[in-house]
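All of the numbers you see were taken from the coordinates with simple rules; none came from a lab. Everything numeric in this text was worked out from a predicted model, so none of it was measured. So basically every Cβ, Gly included, is an ideal-geometry build from the backbone, and we count neighbours across all protein chains shown.
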Amino acid sequence: MTRVVVTGANRGLGLELVLQCVQRGDQVFAGCRSPEKASSLEEISTKYPGQVTMLPLEVSDNESIAQCAVKVAAKIDGLDLLFNNAAIHMGDEHLSEVKAETLLKTTHVNAVGAVLVAQAFINLLKKGTDPKLINVSSEAGSIGGMGDFRGYNYYGSKAAMNMYTRSLAWDPETEGVTVIAIHPGWVRTDMGGSEAHLSTAESAEGLLQVADGLAPEDNGKFYTWEGHEYPW
Ligand SMILES: NC(=O)c1ccc[n+]([C@@H]2O[C@H](COP(=O)([O-])OP(=O)(O)OC[C@H]3O[C@@H](n4cnc5c(N)ncnc54)[C@H](OP(=O)(O)O)[C@@H]3O)[C@@H](O)[C@H]2O)c1
């Protein structure tokens, strides 16, 4: 039974990752800001009794991350798969509109949060079976792939997440854990909007296939949901 942590698990891609993981028999720890309001997650938890543990997790709050990690460590002796999925997109902006507060908040949640979650769970991951840390990033964070103006907040935060992914991948303290960034495609969620190309089911299926197929030599790579390497 694969032991999985998903952040931002109450809606969108995170919720679908939880569903597909429990459908294949995994044990899932579903972090979300307000478990008491996470009705879709509650439904999955009820349908797959014993497989889902819903835990409060605010990824910009160190104490919340620490408490979540303690609760997970109390239930399992090793973690096999961690999806740093939680993120915000506070809109696009031009230079005249950029605000430090928005830049910092977006970077905190989307990039710093992923590092702090990794920090809190690394010891448990190192005790997992073939452990993998998957940072759900975006093509929006690809500096090499950016050919025209797109924005500052979200784009900068995902570029930071990409660099943090490589830092995590090559940090001697994460040895034994395969760390990648992945672009999930353009997905029909609150963030992606209704015009997006992919359903959450298609994207999550791709993410899990890529995660399952990772070998240690994939450490530090940036993939798409289809398993193609993407330029940093
Ligand atoms: N959708 C796309 O087209 C697309 C494209 C490229 C990359 N991505 C990436 O894919 C991932 C999932 O995106 P999505 O489309 O599923 O987004 P979404 O529908 O907006 O869901 C975002 C999730 O993150 C959670 N979250 C936000 N801030 C948080 C915080 N501070 N602490 C804990 N959880 C927090 C939300 O919880 P609340 O309900 O409490 O707000 C929600 O569960 C993100 O990393 C996103 O950047 C998405």
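See the values below:
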item: Exposure proxy order (Cβ contacts within 10 Å, fewest to most) of Ser64, Ser39, Ser96, Ser157; result: Ser96, Ser39, Ser64, Ser157
item: Test item: Cα-centred dipole of the chain, Lys/Arg +1 and Asp/Glu -1 on Cβ, debye; result: 440
item: Relative exposure of Thr129, Thr7, judged by other C-beta atoms within 10 Å (fewest first); result: Thr129, Thr7
item: Links that overshoot a 32 Å alpha carbon limit, given the list Lys47/Lys105; Lys127/Lys158; Lys37/Lys75; Lys37/Lys221; Lys47/Lys75; result: Lys47/Lys105; Lys37/Lys221
item: Estimated 222 nm signal from helices in the chain, with DSSP H stretches of n ≥ 4 weighted -39500 (n - 2.57), rounded to 500; result: -11500 deg cm²/dmol
item: DSSP beta bridge pairing in the chain, given as percent antiparallel to the nearest 5; result: 5
item: Met146-Asp218 pseudo-label distance in nm [points 7 Å out on the Cα-to-Cβ vector]; result: 2.7
item: Kyte-Doolittle at least 0.5, axis length at least 15 Å by Cα - qualifying DSSP helices, the chain; result: 12-23, 113-126
item: The chain: most fluctuating residue of Ala38, Ala160, Ala100 per GNM, C-alpha cutoff 10 Å; result: Ala100
item: Length gained when the stretch Asp61-Glu93 is fully extended (0.36 nm per residue, less Cα-Cα span); result: 8.9 nm
item: Computed over the stretch 3-224, the ratio Rg/Rh where both radii use C-alpha atoms and Rh is Kirkwood; result: 0.94
item: Theoretical FRET efficiency, 1/(1+(r/R0)^6), r = Cβ-Cβ of Glu195 and Leu104, R0 25 Å, to 0.05; result: 0.25
